[in-house]
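Encoded as structure tokens, the structure appears first; notes follow it.
The values are calculated or read from the model by the stated rules, or taken from the named source; none is laboratory data. Every value quoted in this text rests on a predicted model; they were computed, and no experiment measured them. Heads up, the Cβs are rebuilt from the backbone with ideal geometry, glycines too, and the neighbour counts pull from every protein chain shown.
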Amino acid sequence: MEYQNEMMASATKLTVSQFTQAAARTCATIYLDNQAHDPNIVDNLHMTTGMVTEVGELVDVFKKNLAYGKPIDWVNVEEEVADVMWYLVNFCRINHINLEKALYNNIQKLKVRFPDKFTGEAAINRDTTKERVELEK
Ligand SMILES: [Mg+2]
């Protein structure tokens, strides 16, 4: 762990796995006294609302550009993208979702949906049964 912390301190890029470990360090765990709920329900709500609010901050950059002519601050855009990812990787960690496997399965699903390239017709006429087979692998 110490080695990984030192490695991350000197790195300027992180893999999804390294980012997941680093993001866990600053992730609050919230417990409810009410035992009637899944113990992760509050954390899941925290992570999913966090993703939505961070996407809102990202959308706001482009709204202000379109509506007010405010220049796009790409440093801020990158910050918001990483904020979305922070909530996403913590959501996956809490729920034992292997994000890298999910990303791979997503591409396999899209190969079923669009064997050659994207088409509007293929987007509308999806074979969700075949796609589900890829997602369950
Ligand atoms: Mg943010």
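Quick look at the numbers
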{"quantity": "Any hit, the range 99-117, residues being of a type in the set (D, E), over 19 Å from the mean Cα position of the chain (by Cα) and more than 15 Å from the ligand (Cβ to nearest atom)", "calculated": "yes"}
{"quantity": "Filtered residue count, the range 55-71, keeping only those that are hydrophobic (A, V, I, L, M, F, W, C) and more than 15 Å from the ligand (Cβ to nearest atom)", "calculated": "2"}
{"quantity": "Hits in the range 32-80 - residues which are among the hydrophobic types (A, V, I, L, M, F, W, C), surrounded by fewer than 13 Cβ atoms within 10 Å (Cβ to Cβ) and modelled with pLDDT of 95 or more", "calculated": "V52, V59, F62, L66, A67, I72, W74, V75"}
{"quantity": "Where a residue in the range 35-64 is under 18 Å from F91 (Cα atoms) and its partner, wherever it lies, is of a type in the set (A, V, I, L, M) and within 12 Å of the ligand (Cβ to nearest atom), with Cβ under 7 Å and at least six apart", "calculated": "M51/V84; E54/V84; V55/V84"}
{"quantity": "Residue pairs meeting the criteria (Cβ under 9 Å; at least 6 apart or on separate chains; first within 30 Å of P39 (Cβ to Cβ) and touching a residue at least 40 places away in the same chain (Cβ under 8 Å), in the range 91-119; second among the basic types (K, R) and assigned to a helix (DSSP H, G or I))", "calculated": "L99/R93"}
{"quantity": "Some residue of the range 14-25 being part of a helix (DSSP H, G or I) and within 15 Å of the ligand (Cβ to nearest atom)", "calculated": "yes"}
